[in-house]
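First comes the structure, then the notes that go with it.
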Amino acid sequence: MSWKGMENVCGFKEMKNYNLVIRQLLSEFLGSLLYLSLVLSAGIGIKSTNDNEGRRIEHGTATVLIAVANGLVVASIITIFGHVSGAHINPAVTCGAMICKHIKPVKAVCYVIVQIVGGVAGAGIAYLLSSETIRGDLGAIIPYKHLREYQIFGLEFLMTFMLVAVVLSVIDTTRGARGLGSAPLAIGLSITAGICSCSPYTASMNPIRSLGPAVIMNRWDSHWVYWVGPMAGGLVAGLTYRCLLLYHQQTIVLQSSRIDINRMLDRHRSE
């Protein structure tokens, strides 16, 4: 392959559009920063809130509130930044989008780097804006003591697979006229559903969600699971969507089937 061909495949050529690339990277940075700072602050606030009689909120109620807060924050960020960068704010989403050719590899790597930096910065802001008495572990994702690492990996894989599949569905322009509704709402609800389904066992679905508090609080319990699980889920979701669910692929298959059926009918008539 020539250098020009490599430029097109890897995406070096599109990186020369400096104005657009800078805007996209800044959008991913700010989106990731807002995501971590708001989500972690919400978790700290909800877990430290007492009811009218001085009792702590029950775990189930707290889980639902945190799940809804996560979904609404993500939906809001997508609404703000989606038209510029796509508002991935998640390396697993970027991985799935790259597999489906929505983003080139070079830009995808740049996205992941600024997502990491923005996520750590957001966790730092949440740390600075929270009281030491209620901060706790800053919402760090800590492995459930009765589960093994491969089980946590499996849960993270499934949650992230669903999330990335939803993202790829709502950004698929070939399905644009098929009434998929609000993209930010659909993505936000998939995050809410994932947290409600798998908490308290695990509920990351996003490597930077785990990395931010881990860096600030120096908590690295089984941290690799919260990278490998979501990234594997995003990768497989991208492959599944590209090979199985992509609408134009289905159209090609249906058209091929119709052609084969018509040929069989013509052959039968001639006989």
Count of residues meeting criterion [outside any loop (DSSP other than H, G, I, E, B) and over 15 Å from the mean Cα position of the chain (by Cα)] in segment 97-108: 3
Among the residues of segment 1-55, which ones are modelled with pLDDT of 80 or more, among the hydroxyl-bearing types (Ser, Thr, Tyr) and surrounded by fewer than 12 Cβ atoms within 10 Å (Cβ to Cβ)? Tyr18
Segment 98-113 residues that are in contact (Cβ under 8 Å) with a residue 24 or more places away in the chain and more than 16 Å from Ala87 (Cβ to Cβ), paired with ones that are assigned to a helix (DSSP H, G or I) and among the charged types (D, E, K, R) (beta carbon under 7 Å, 6 or more apart): Ile99/Arg242; Cys100/Arg242; Lys104/Glu14
The number of residues in segment 79-96 that are part of a helix (DSSP H, G or I) and surrounded by 22 or more Cβ atoms within 10 Å (Cβ to Cβ) is 8
Would you point out which residue out of Pro200, Pro213, Pro184 is out of contact with any Pro (no Cβ under 9 Å at 6 or more places or on another chain) and closer than 16 Å to Phe153 by Cα? Pro200
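The values are calculated or read from the model by the stated rules, or taken from the named source; none is laboratory data. Just so it is clear, the structure is predicted and the values come from calculations on it, not from any experiment. Cβ atoms come from the backbone with ideal geometry, glycine included; neighbour counts cover every protein chain shown.
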